[in-house]
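Input: a single structure, listed below in structure tokens.
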Amino acid sequence: MFSGKVVVITGGAHGIGLCMAQEFEKQGAHVCVIDKAEGSHYVGDIADKQVLEAFAADVLGQYGHVDVLINNALPVTRGIENGTYEEFSYALAVGVTAPFYLAKLFQEHFAPGASIINISSSRDRMSQPQTESYTAAKGGIAALTHALAASLAGKVRVNSISPGWIDTDYTVYEGPDAAQQPAGRVGNPLDIANMALFLASDKAGFITGENICIDGGMTKLMIYHGDHGWSLKE
């Protein structure tokens, strides 16, 4: 399905990003990964403008075009109590600015039928305390998705995926950790990779500007004190 296609993935050296890279490679794609971790991929920090420019030039120098851009790199999580200005700014640079700039750098080089897939989070609509930098970055990329979909209309489809609890070690949970989720289990990277493959394919040709939440139904479960065994401890 993706034989010969050029797929760019940020943060593709581990976790969900690595899984997506492997799944696209199985389909015959040329996968270009950038990550801070050392490895055979392009090594660099996407918070750095010059790194983004050099990486984009490297991809285009090799292949001349891009079919799929997946913005997956993980922003840092810092809260209002202990997070610094610099840490918050860094999270936004990785989570929002870099996806925008890569889309801009590749804008004139996307192939017909190209797709951008942004990895947001269910935290773009709900939060835990002390997660401001991560949540703001994920909310930002979710909004960036529909803005880019409008700006690139007719040229590139742009969608986002919002994962919930995804265990990158494929741990099988039992008891409350599994039962609290309407799907009855914790997610794993393949749950996200399979959606990325679909969104990047011609089968999703009429889907753009969407944010698809893959969280086992957790964000749809209303929780009240005393219901279904839930209780609030003060």
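The values are calculated or read from the model by the stated rules, or taken from the named source; none is laboratory data. What you see is a predicted model, and the numbers here were worked out from it, not measured in a lab. Please note: Cβ atoms are built from the backbone with ideal geometry, for glycine as well, and neighbour counts cover all protein chains shown.
Scanning the stretch 56-84 for residues that are closer than 28 Å to residue 113 by Cβ, of a type in the set (Gly, Ala, Ser) and either assigned to a loop (DSSP other than H, G, I, E, B) or touching a helix residue (DSSP H, G or I) at 6+ places or on another chain (Cβ under 7 Å) (or both) turns up 56, 64, 73.
Table: residues versus (1) out of contact with any Asp or Glu (no Cβ under 9 Å at 6 or more places or on another chain); (2) surrounded by fewer than 17 Cβ atoms within 10 Å (Cβ to Cβ); (3) not aromatic (Phe, Trp, Tyr).
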residue	(1), (2), (3)
59	yes, no, yes
71	yes, no, yes
77	no, no, yes
93	no, no, yes
127	yes, yes, yes
145	no, no, yes
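Checking each residue in the stretch 207-234 for being in contact (Cβ under 8 Å) with a residue 40 or more places away in the chain and on the phi > 0 side of the Ramachandran plot picks out 209, 216.
Is the stretch 219-234 home to any residue that is outside any loop (DSSP other than H, G, I, E, B), of a type outside the set (Val, Ile, Thr) and either surrounded by 13 or more Cβ atoms within 10 Å (Cβ to Cβ) or at pLDDT 95 or above (or both)?
Initial filter on the stretch 219-234 (outside any loop (DSSP other than H, G, I, E, B)): 219-220.
Filter once more, so that each one left must be of a type outside the set (Val, Ile, Thr): 220.
From what is left, the residues that are either surrounded by 13 or more Cβ atoms within 10 Å (Cβ to Cβ) or at pLDDT 95 or above (or both) are none.
No, because not a single residue in the stretch 219-234 is outside any loop (DSSP other than H, G, I, E, B), of a type outside the set (Val, Ile, Thr) and either surrounded by 13 or more Cβ atoms within 10 Å (Cβ to Cβ) or at pLDDT 95 or above (or both).
Residue 102 fulfils the conditions (1) within 17 Å of the chain's Cα centre (by Cα); (2) within 23 Å of residue 204 (Cα to Cα); (3) part of a strand (DSSP E or B); (4) of a type outside the set (Ser, Thr, Tyr) except for a single criterion, (3). Residue under question is residue 34, and the condition is that it be free of Cβ contacts under 8 Å to residues at least 40 places away in the same chain and surrounded by 20 or more Cβ atoms within 10 Å (Cβ to Cβ); does it hold? Spelling it out, residue 34 is indeed free of Cβ contacts under 8 Å to residues at least 40 places away in the same chain and surrounded by 20 or more Cβ atoms within 10 Å (Cβ to Cβ). The set of residues from the stretch 1-55 being more than 21 Å from residue 190 (Cβ to Cβ), of a type in the set (D, E, K, R), assigned to a loop (DSSP other than H, G, I, E, B) and touching a helix residue (DSSP H, G or I) at 6+ places or on another chain (Cβ under 9 Å) comprises 45, 48.
Tell me, please, whether a residue that is part of a helix (DSSP H, G or I), under 25 Å from residue 117 (Cβ atoms) and touching a strand residue (DSSP E or B) at 6+ places or on another chain (Cβ under 8 Å) can be found in the stretch 163-179.
Let us first name the residues in the stretch 163-179 that are part of a helix (DSSP H, G or I), namely 176-179.
Keeping just the survivors that are under 25 Å from residue 117 (Cβ atoms) gives none.
The answer is no; no qualifying residue exists.
Taking the stretch 47-95 as the range and being closer than 28 Å to residue 19 by Cβ and of a type in the set (S, T, N, Q) as the test, the residues that pass are 62, 71, 72, 77. Between 46, 80, which is within 16 Å of the chain's Cα centre (by Cα) and of a type in the set (Val, Ile, Thr)? After applying the criteria, what remains is 46.
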